[in-house]
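This report concerns only the one structure given below.
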Amino acid sequence: MILQFLAEPLIALAEFLVGLFPAFPRFDSLAVTLDPVAYVIRFMDLFVSMKTVSRCLLVILIVYNIKFGWSILMWIIRKIPGVS
């Protein structure tokens, strides 16, 4: 009884905190929506290997992120007084 008396407020608090998070959207129609995209990818795979395309996209993303990180680093360095 003492344990129940101590646990009930904690359980109520946990339920309240979990209730603060928004509900996740439902993805029921996601497969129907992505069917045309999958069709295009299968068609492109006849001409260009998807392994090659994925590697090219990976290289592009890596280069973009390096440039972005470099610009943030330069912005921080420019904020230091006396450094040009």
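Here are some notes:
- Looking across the range 28-84 at every residue that is charged (D, E, K, R) and under 23 Å from the mean Cα position of the chain (by Cα), the one that is least open to solvent (accessible area, probe 1.4 Å) is identified as Asp35.
- Selection from the range 7-27 of residues that are under 20 Å from the mean Cα position of the chain (by Cα) and either surrounded by 10 or more Cβ atoms within 10 Å (Cβ to Cβ) or among the hydrophobic types (A, V, I, L, M, F, W, C) (or both): Phe21, Ala23, Phe24, Phe27
- Complete set of residues in the range 52-84 that are more than 30 Å from Arg42 (Cβ to Cβ) and modelled with pLDDT of 90 or more: Ile66, Lys67, Phe68, Gly69, Trp70, Ser71, Ile72, Leu73, Met74, Trp75, Ile76
The values are calculated or read from the model by the stated rules, or taken from the named source; none is laboratory data. Given the structure is predicted, the values throughout are model-derived calculations rather than measurements. We place every Cβ from the backbone using ideal geometry, glycine too, and count neighbours over all the protein chains shown. Surface areas here come from the heavy atoms of the whole protein model, side chains and all, with no ligands, DNA or RNA. Shrake-Rupley method; radii C 1.70, N 1.55, O 1.52, S 1.80 Å.
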